[in-house]
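Throughout, read-outs are computed from the coordinates displayed, never taken from laboratory work. Not measured: the values here are computed from a predicted model. Note that each Cβ is placed from the backbone with ideal geometry, even for glycine, and that neighbours are counted across all protein chains shown.
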Amino acid sequence: MINKLLGLSPILMAIDLGTVNSLVAVSGFGIVLNEATAAAVSGSDERDVLAVGNEAVDMCGKTPSGVKLKFPFSRGVIADYLLSEYMIREFMSKAMQKCKLRSVLFGPKVLLCVPNCITEVERHALHEAARHAGAQDVYIAEEIMAACIGANMQFREAIGSMVVDIGGGTTDAAVIALGGIAAQGSIRVGGNAIDEDISNYVRKMHNVSIGLKTAECLKIELGKAKDLKRKIKVCGLGVETSLPRYIDIEIGSIAPALENAKGKIVDMLCDVLSSTPPELASDIMKTGIMLTGGGANLYGLSEAIHKATGIEVKIAEKPLECVANGALTILEILRGKRDSMYEGEYSMLIG
Ligand SMILES: Nc1ncnc2c1ncn2[C@@H]1O[C@H](COP(=O)(O)OP(=O)(O)OP(=O)(O)O)[C@@H](O)[C@H]1O
Ligand SMILES: [Mg+2]
């Protein structure tokens with residue numbers, strides 16, 4: 001630890017760059033950063049970055065127009081390369097400051113987690129972004145592998161484990177055994193798409209246009225609701241009048257808006273299961289399916305998966321933190337900081 005604080009020993013840093021949330025975990029410290037993946041920009045070409053992360057979100061609610069909130073990732077892919085590079089650099093330096101770490105000789109060794117549907121070109125772009133941001137070595141791992149490890153599932157053994165990560169931009173699923181991926185699937189459907197569905201549904205049912213933040217709140221409240229008849233007051237713009245209006249929405253009444261996304265997730269999982277080798281599929285029948293990511297608690301999702309597959313569904317203890325924690329474990333194994341019984345660790349990396 002002393003060497004680390006003096007900047008003499010390598011710093012191991014895992015970054016889960018999500019579409020909605022980005023988490024940074026540092027060896028010896030755990031998760032040190034949990035920020036919105038957003039930047040507040042201004043200027044005619046929107047190239048002046050005023051703030052990133054949670055600060056950017058706060059700023060945009062309160063500053064006069066001219067400041068825009070931008071999201072460098074959209075549905076799991078890089079929408080703005082320069083902004084993503086800037087953001088990686090900021091998150092790395094914020095994490096170093098939080099841990100009071102210095103890298104005197106070398107930059108940190110960084111493992112970036114990416115969705116498994118991104119292309120090789122996009123992966124390369126992220127790799128370069130982290131290098132330019134000051135990382136000494138950059139490794140890239142699939143977020144689904146990290147999610148499996150972070151959810152404390154078996155990943156090295158000759159036993160199949162199935163994990164599903166429901167994020168903001170994508171839903172990824174994989175069957176993992178012997179430290180590798182035996183079957184996998186990914187769809188560009190996640191929390192953001194569900195928020196849009198809820199917003200459209202409320203518009204259709206109540207003639208009121210609500211923002212995506214309000215739609216997200218309704219989605220989360222529905223997941224927590226003990227009484228589905230409870231009413232929630234939300235504000236939106238009347239479709240005909242374009243004037244602000246309050247409406248009371250019975251929380252259970254928005255459940256149909258989730259059906260489309262849930263159906264697509266269930267279909268993808270059934271495809272993954274049908275391409276799983278039979279021996280591993282029979283393991284999953286016994287061990288169950290683990291849900292991670294912010295959408296793990298989506299109303300009715302576990303039940304829908306169980307109904308379609310007949311397999312027990314579990315929700316990870318801290319679903320939003322699994323990828324970052326698992327990514328740090330991968331990095332620690334690779335750098336020899338953790339014992340490993342497994343020979344082929346590099347198969348956990350891609351690119
Ligand atoms: N209790 C909840 N019920 C349903 N959805 C939730 C809940 N809590 C958070 N979410 C949703 O989870 C999403 C964020 O999850 P997460 O941080 O795992 O995504 P991400 O890693 O940023 O995205 P991706 O992995 O797709 O790039 C948001 O859409 C958020 O609305
Ligand atoms: Mg994610």
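Worth pointing out:
- Net charge, Ile311 excluded, C-beta distance under 13 Å - Lys, Arg +1, Asp, Glu -1: 0
- Within the chain, percent of DSSP bridges classed antiparallel, to nearest 5: 70
- Amide hydrogen proximity for Gly179: with H placed 1.01 Å from N in the peptide plane, the residues at 5 or more positions away or on another chain lying under 5 Å are Arg156, Glu157.
- Per-residue HN-Hα couplings for segment 180-186 [Karplus 6.51, -1.76, 1.60; θ = phi - 60°; Hz; x = Gly/Pro]: x, 9, 8, 7, 7, x, 8
- The chain - percent relative contact order, Cα under 8 Å, separation 6 or more: 18
- For Glu240 and Gln97, a Förster radius of 41 Å and the Cβ-Cβ distance give a FRET efficiency of 0.20, rounded to the nearest 0.05.
- Quarter of Cα convex hull surface for the chain, i.e. mean projection, nm²: 18.9
- At an R0 of 45 angstrom, the distance between the Cβ atoms of Ser74 and Glu317 translates into a FRET efficiency of 0.95.
- Electrostatic dipole magnitude of segment 165-318 [Cβ: Lys, Arg +1; Asp, Glu -1; Cα centre; debye, to 20]: 580
- Computed from backbone phi with θ = phi - 60° and the Karplus coefficients 6.51, -1.76 and 1.60, the 3J(HN,Hα) list for segment 250-255 is 6, 4, x, 6, 8, 3 Hz; x is used for glycine and proline.
- Working from label points 7 Å from Cα in the Cα-to-Cβ sense, the Glu221 to Glu279 distance is 5.1 nm.
- Note on segment 153-316: antiparallel DSSP beta bridges, both residues inside, total approximately 75 percent of the bridges counted.
- Ranking Ala215, Leu301, Ile249 by how far each Cα lies toward the positive end of the dipole of segment 153-316 (charges on Cβ) leaves Ile249 at the top.
- For Val313, the amide hydrogen comes within under 5 Å of the amide hydrogens of Ile289, counting only partners 5 or more places away or on other chains and with H modelled in the peptide plane.
- Label separation (Ala158 vs Lys286): 1.3 nm, computed from points 7 Å beyond Cα along the C-beta direction.
- Environment charge of Asp16, counting only residues whose C-beta is closer than 9 Å and scoring Lys/Arg +1, Asp/Glu -1: -2
- Burial order of peptide ranges 310-320, 79-89, 237-247 (average beta-carbon count within 10 Å, highest first): 79-89, 310-320, 237-247
- Helical runs (DSSP H, four residues minimum) scored at -39500 (n - 2.57) apiece and divided by the length of the chain put the mean residue ellipticity at 222 nm at -11500 deg cm²/dmol.
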